[in-house]
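K.L.:
Got a structure for you, questions after.
The values are calculated or read from the model by the stated rules, or taken from the named source; none is laboratory data. None of the values given here were measured: they were computed from a predicted structure. Note that we place each Cβ from the backbone using ideal geometry, even for glycine, and neighbour counts take in every protein chain shown.
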């Protein structure tokens, strides 16, 4: 068996280091709007960071490469936007509904996709996501090419007006940090350990009595749910749910963020998401070159930089200390 | 009735392209164990080379048209494929196969981005070769000659590929290397070179499909991007265990798609994916696949 995809993942930092790093990240993000960083940019990056963390849970710790994660981002976005706009629900309920829709979709798609492994798994998820794309393209409630526009941000719990940029910003930050800690908790739980064991050697995990398919399915549903949370939050922030979020390019983008940041690392997807979103907003005026540069980063990462930014940094850190 | 036969014909044409593309994917997968995501981009390159030869290349009075493109495009694109295999893919064989998928996905983005930058995203028409214009009236339907040619030519290409792989000595080396490359190498056969040439061949097949598609569909930088996802579904349905399986599944699904266009057009975009879901439920290894 060839080296598994995340076997190059570095040893994790000690628990204390993790907590300190998380606290530093939380403080930096909490102060960001006051030091002149454009809040909309950070909110966008946070939504994608959560999306990439959810994806990394499946790829980096479960060893399953889904090439169709856009369907979870997009489905939750559409359901959330529809609930907030057409049913007039409060944002938190709309987000919960969107997230649940992705969880349900994740359960169905996951049950199908884990019947095949490796490359087939990637192709199946990609094909199902493309099917969802065509369904959303034709379904009347999504308004096709236009998407669901002018989604009201509403009042959080009926009290806090999210039209206020600061209220919106800290809501997104709170959602991101809670989900981030939740993912950290999953990875370091007994469930996460079994998942890693299955990634490294599935037959052995099965021989030890673990129902590998069940663990993979649970990991898939968790990942789909958290990706849905990212999509639903994004729909409220940008007041828009559109086909862009269900297209296969979005699935490729989340793979890239995770790969660039470092798959199988806790902070990698966050770093990757911020770098890619920054790059895209900087390069937006160069038109088609964005695709070319994105593709080039992919190629370079795969050929020469498989550990990603965070992976390389922590490998360097452990080298200098020893 | 006319409309039904018309849709069936379009289905067969699409099926011809599914068959040629999934065949190339299957041949590459058999030996390299990677799924070539660049396949759609290489199909597009084939169409562009045909377009370029027809519109921009003249040797004296003689114009390089469709017929020379059928030969030149696969060779050029195959050569590019050989370079990609030698310089990039060959570094990944010892790693998880998913890295090959990621690399070829990145390359597809680069190629499609460059072509879009150069040619824009609107399609360009391609003049049908004069020998294949016109059509035949079969009584129950009108059969454009070019479409008949595409179906027949792709059948010939697919069946000769099947013959070479399943019935010749070269093919037996190939099949042996698919089963156990180390052993075949021990018998003195240059397996790395065989891998390189196989990749070049599979990619050349995609380019050939691209040339044949140029007069039917518009020549467009994104013509391969969505097609390749459908072809992936075709590959999952057929399973990559058998060459004949890929051919039959390709044509069969084209016909299924054509029938859907006639009876329930709303589902024509999704029907192949629905078939994939059903096949996965009852025969996870695919119709012709083996569990590995």
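K.L.:
Inspect all residues belonging to the stretch A:109-116 and state whether any of them is closer than 23 Å to residue A:246 by Cβ and in contact with a strand residue (DSSP E or B) (Cβ under 6 Å, 6 or more places away or on another chain).
P.N.:
Checking the stretch A:109-116: not a single residue is closer than 23 Å to residue A:246 by Cβ and in contact with a strand residue (DSSP E or B) (Cβ under 6 Å, 6 or more places away or on another chain).
K.L.:
Scan A:278, A:235 and give me the residue that is touching a strand residue (DSSP E or B) at 6+ places or on another chain (Cβ under 8 Å) and more than 21 Å from residue B:102 (Cβ to Cβ).
P.N.:
The conditions single out A:235.
K.L.:
Moving on. Among (1) surrounded by 17 or more Cβ atoms within 10 Å (Cβ to Cβ); (2) in contact (Cβ under 8 Å) with a residue 40 or more places away in the chain, where does residue B:113 come up short?
P.N.:
Against the list (1) surrounded by 17 or more Cβ atoms within 10 Å (Cβ to Cβ); (2) in contact (Cβ under 8 Å) with a residue 40 or more places away in the chain, residue B:113 comes up short only on (2).
K.L.:
Go over the candidates B:287, B:280, B:248, B:253 one by one and state the one that is touching a residue at least 24 places away in the same chain (Cβ under 8 Å), surrounded by fewer than 19 Cβ atoms within 10 Å (Cβ to Cβ) and part of a helix (DSSP H, G or I).
P.N.:
Just a single option satisfies the conditions, and that option is B:248.
K.L.:
On the basis of being surrounded by 14 or more Cβ atoms within 10 Å (Cβ to Cβ), over 22 Å from the mean Cα position of the chain (by Cα) and on the phi < 0 side of the Ramachandran plot, does residue B:185 make the cut?
P.N.:
Yes: the conditions hold for residue B:185.
K.L.:
Still on this structure, please answer the following. I'm checking my understanding of the structure. Among residues of the stretch B:258-272 that are under 21 Å from the mean Cα position of the chain (by Cα) and at pLDDT 90 or above, which one is nearest to residue A:137 (Cα to Cα)?
P.N.:
Among those that are under 21 Å from the mean Cα position of the chain (by Cα) and at pLDDT 90 or above, it is B:270.
K.L.:
Collect the residues in the stretch A:261-303 that are under 18 Å from residue B:117 (Cα atoms), more than 9 Å from chain B (Cβ to nearest Cβ) and within 19 Å of the chain's Cα centre (by Cα), keeping them in residue-number order.
P.N.:
A:280
K.L.:
Before we move on, is residue B:116 within 14 Å of chain A (Cβ to nearest Cβ), out of contact with any strand residue (DSSP E or B) (no Cβ under 7 Å at 6 or more places or on another chain), over 24 Å from residue A:303 (Cα atoms) and at pLDDT 90 or above?
P.N.:
Judged against the criteria, residue B:116 is a match.
K.L.:
Are there any helices (runs of 4 or more DSSP H) wholly within the stretch A:101-206 with 1 or more residues that are closer than 30 Å to residue A:34 by Cα and away from chain B (no Cβ under 14 Å), and if so which?
P.N.:
Of the helices (runs of 4 or more DSSP H) lying wholly inside the stretch A:101-206, those with at least 1 residues that are closer than 30 Å to residue A:34 by Cα and away from chain B (no Cβ under 14 Å) span A:165-187.
K.L.:
Then there's this: Could you check, for the stretch B:74-88, whether at least one of its residues is buried (at least 16 other Cβ atoms within 10 Å of the Cβ), at pLDDT below 90 and not in a helix (DSSP H, G or I)?
P.N.:
no
K.L.:
If you don't mind, there's one more thing I want to ask. Is it true that residue B:106 is on the phi < 0 side of the Ramachandran plot and within 9 Å of chain A (Cβ to nearest Cβ)?
P.N.:
Judged against the criteria, residue B:106 is a match.
K.L.:
Would you confirm, using the coordinates I've provided, whether residue B:255 is touching a helix residue (DSSP H, G or I) at 6+ places or on another chain (Cβ under 7 Å) and more than 9 Å from chain A (Cβ to nearest Cβ)?
P.N.:
Considered against the rule, which asks whether it is touching a helix residue (DSSP H, G or I) at 6+ places or on another chain (Cβ under 7 Å) and more than 9 Å from chain A (Cβ to nearest Cβ), residue B:255 comes out as yes.
K.L.:
Okay, next question. Need pairs with beta-carbon distance below 6 Å; first residue free of Cβ contacts under 8 Å to residues at least 24 places away in the same chain and within the stretch B:143-157, second assigned to a strand (DSSP E or B) and surrounded by fewer than 16 Cβ atoms within 10 Å (Cβ to Cβ); sequence gap 6+ or separate chains.
P.N.:
B:144/B:135; B:145/B:135
K.L.:
Could I ask something else about it? Among the residues of the stretch A:35-51, are any buried (at least 21 other Cβ atoms within 10 Å of the Cβ) and within 14 Å of chain B (Cβ to nearest Cβ)?
P.N.:
Checking the stretch A:35-51: not a single residue is buried (at least 21 other Cβ atoms within 10 Å of the Cβ) and within 14 Å of chain B (Cβ to nearest Cβ).
K.L.:
For the stretch A:33-73, give me each residue that is farther than 14 Å from residue A:281 by Cβ and outside any helix (DSSP H, G or I).
P.N.:
Once the filter is applied, which keeps residues that are farther than 14 Å from residue A:281 by Cβ and outside any helix (DSSP H, G or I), the stretch A:33-73 yields A:36, A:63, A:64, A:65, A:66, A:67, A:68, A:69.
K.L.:
Please find, among B:67, B:51, the residue that is assigned to a helix (DSSP H, G or I), crowded, with 22+ Cβ neighbours inside 10 Å, more than 14 Å from chain A (Cβ to nearest Cβ) and more than 17 Å from the chain's Cα centre (by Cα).
P.N.:
B:51
K.L.:
Across the stretch A:75-92, what is the number of residues that are surrounded by fewer than 24 Cβ atoms within 10 Å (Cβ to Cβ) and either in contact with a helix residue (DSSP H, G or I) (Cβ under 7 Å, 6 or more places away or on another chain) or at pLDDT 95 or above (or both)?
P.N.:
Going through the stretch A:75-92 one residue at a time, the tally reaches 3.
K.L.:
Got a sec? Which of B:203, B:234, B:275, B:164 is more than 13 Å from chain A (Cβ to nearest Cβ), surrounded by 17 or more Cβ atoms within 10 Å (Cβ to Cβ), at pLDDT 90 or above and in a helix (DSSP H, G or I)?
P.N.:
Being more than 13 Å from chain A (Cβ to nearest Cβ), surrounded by 17 or more Cβ atoms within 10 Å (Cβ to Cβ), at pLDDT 90 or above and in a helix (DSSP H, G or I) holds for just one of B:203, B:234, B:275, B:164, which is B:203.
K.L.:
I need the full set of residues from the stretch A:229-260 which are away from chain B (no Cβ under 14 Å) and part of a helix (DSSP H, G or I), in order please.
P.N.:
Hits for the stretch A:229-260 are A:229, A:230, A:231, A:232, A:233, A:234, A:235, A:236, A:237, A:238, A:244, A:245.
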